[in-house]
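Data block below; observations after.
The values are calculated or read from the model by the stated rules, or taken from the named source; none is laboratory data. Fair warning: this is a prediction, and the values are worked out from it, not measured in the lab. Backbone-built Cβ (ideal geometry, glycine too); neighbour counts: all protein chains shown.
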Amino acid sequence: MTSRTVFFNIVRFFFLILLQVLILNHVNLGGYVNPLFYVYFILLLPFSVSRGIMLISSFLLGLGVDIFTNTIGLNAASCVIMAFARPFVINSISSGPETLIGDTPSLKNQGIKWFLYYTIILVLIHHTSLFFLEIFRFIEFFKTLLRIGLSSAFTITLILISEYVFIFRQK
Amino acid sequence: MRNLFIFLREQYFYFLFLILELASLILFFNYNDFQGSSLFNVANAFSGSVNNVFNGISEYFTLKKTNRVLIEEMAKLHSRIPEAFYRSDQNVFYKKDTVVRLEYKYISAKVISNSTNKRNNFLMINKGALHGIENHMGVIIGNKLVGQVVGVSPHFSWIMSMLNKDSHVSGKFKKNDQLVNVEWPGGNYRKGQVREIPKHIVMVRGDTIITSGNSNIFPEGLLIGTIDDFSIAPDENFNTGRILFSTDFNSLGYVEVVVDLMRKEKEELKKSFKSE
């Protein structure tokens, strides 16, 4: 892990938190969709980062977003679950160590199929845990599922868009 | 010990996850009112039911002490408001019997002394002559029979309950109005005895026995009990049966005294016939 990637990650950390709380938290389409773009940070953590650092940094990421939305612990818990699941997801969708070229998971390096699986699974895990914790009952079960589905779709769309933007920028 | 550390270091990912997740959940439940109170409710319901069960068992061990404390408290309170003990309520009910135009007055009273385990059982109630109670008045609870008044003092009355050697109640079968005599042979305070049942009556277990109205102590139609058992004696003229009393004499709290307002008229009539 070069100091360059560390630097980029730190910048990404703060940038995504601010982007989320200042702009995206006010995006509320139809009352069902809450885009949670900041999880992009967890998706872009380098492969070589130690698991402990990954867990702690996701915890802090979630906590940072929480502080602004006055729901302490909600996002932190979901981010920790997502970070916990990340190594297992990576292991199960990678057909071998050759797919893990480059240090950072990205659309360019791993290909659209791998990246799509990776994003969809992890974002779904995060959103499911978040929305169920938030509502904390089973009454509006299908409405919650709808919320999870729509918000995940929106988040994944935003993530893919930004990936494509970065590919074009590098070219 | 060293193996434990090695284990921790090798599995540190899982432990760290657990720690961080627990930390965030603790923050979550503490800070957010709805989830916190939800969790509190669930935890409370669970611990509440466990405590309930345990309490239900353990309170038996302190019953004696609880009783003593309660009785002392009651005595203290009673001596503080002595007029409550003697005050009689004005609960008087009139019943109009539309066919015969007989009027009954009911006076409610509290049972202050009772027994069910002697051969002759009596009750004492906290109303007496000053409240309008006289000898030979019937005592009931709701629509069930209790006994009759055998002694009256200004503030109290002495009542012979049905659980008494000398108690004879004139009853009848509800289903066919056949007259019978109800007594108590002693023993079980729930079971009485029905005597002088004519042979031609078919008895079925569960038949209701009610007051016949022939005596002027009780109005007609009060529940005495239900047939529990019967024996057919082939060489006698009558059958006997056991009945289960409708009244639970052990749990009498309040009773009502039946005042027959036309009793004097009936007794005058009887007397006038006898003297001739």
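A few notes on this one:
- Candidate set: the range A:9-41, residues that are over 16 Å from the mean Cα position of the chain (by Cα) and part of a helix (DSSP H, G or I); chosen: the one nearest to residue A:65 (Cα to Cα): A:22
- For the range A:1-39, the set of residues classified as of a type in the set (Ser, Thr, Tyr), farther than 22 Å from residue A:144 by Cα and buried (at least 16 other Cβ atoms within 10 Å of the Cβ) consists of A:5 only.
One line per residue, one yes/no per condition, for (1) among the charged types (D, E, K, R); (2) under 15 Å from the mean Cα position of the chain (by Cα); (3) at pLDDT below 80:
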{"position": "A:89", "(1), (2), (3)": "no, yes, no"}
{"position": "A:92", "(1), (2), (3)": "no, no, no"}
{"position": "A:104", "(1), (2), (3)": "no, yes, yes"}
{"position": "A:110", "(1), (2), (3)": "no, no, yes"}
{"position": "A:118", "(1), (2), (3)": "no, yes, no"}
{"position": "A:128", "(1), (2), (3)": "no, yes, no"}
{"position": "A:131", "(1), (2), (3)": "no, yes, no"}
{"position": "A:137", "(1), (2), (3)": "yes, no, yes"}
{"position": "A:143", "(1), (2), (3)": "yes, no, no"}
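- Selection status of residue B:47, surrounded by 10 or more Cβ atoms within 10 Å (Cβ to Cβ), among the polar types (S, T, N, Q) and either within 12 Å of chain A (Cβ to nearest Cβ) or touching a strand residue (DSSP E or B) at 6+ places or on another chain (Cβ under 9 Å) (or both): no
- Residue A:32 being aromatic (Phe, Trp, Tyr), in contact (Cβ under 8 Å) with a residue 24 or more places away in the chain, under 20 Å from residue A:12 (Cβ atoms) and more than 9 Å from chain B (Cβ to nearest Cβ): no
- Meets criteria (facing chain B (nearest Cβ under 8 Å), touching a residue at least 24 places away in the same chain (Cβ under 8 Å) and crowded, with 18+ Cβ neighbours inside 10 Å) for residue A:71: yes
- Given (1) modelled with pLDDT of 85 or more; (2) in contact with a Ser or Thr (Cβ under 6 Å, 6 or more places away or on another chain); (3) within 14 Å of another protein chain (Cβ to nearest Cβ), number of the condition residue A:82 does not satisfy: (2)
- Spans of strands (runs of 3 or more DSSP E) in the range B:182-273 with at least 3 residues touching a residue at least 24 places away in the same chain (Cβ under 8 Å) and within 28 Å of residue B:151 (Cβ to Cβ): B:191-198, B:208-211, B:223-231, B:254-260
- Total residues in the range B:8-23 satisfying the condition of being more than 9 Å from chain A (Cβ to nearest Cβ) and at pLDDT below 85: the figure is 4.
- Every test in (1) over 30 Å from residue B:133 (Cβ atoms); (2) modelled with pLDDT of 85 or more is passed by residue B:246 save one, and that test is (1).
- For residue A:115, the test of being within 14 Å of chain B (Cβ to nearest Cβ), of a type in the set (Phe, Trp, Tyr) and either in contact (Cβ under 8 Å) with a residue 60 or more places away in the chain or in a helix (DSSP H, G or I) (or both) is failed.
- Scan of the range B:24-44 for residues that are of a type in the set (S, T, N, Q) and either facing chain A (nearest Cβ under 8 Å) or surrounded by 13 or more Cβ atoms within 10 Å (Cβ to Cβ) (or both), ordered by number: B:24, B:30, B:32, B:35, B:38
- Index of the failed condition, residue B:166 passing every other in (1) farther than 16 Å from residue B:125 by Cβ; (2) buried (at least 20 other Cβ atoms within 10 Å of the Cβ): (2)
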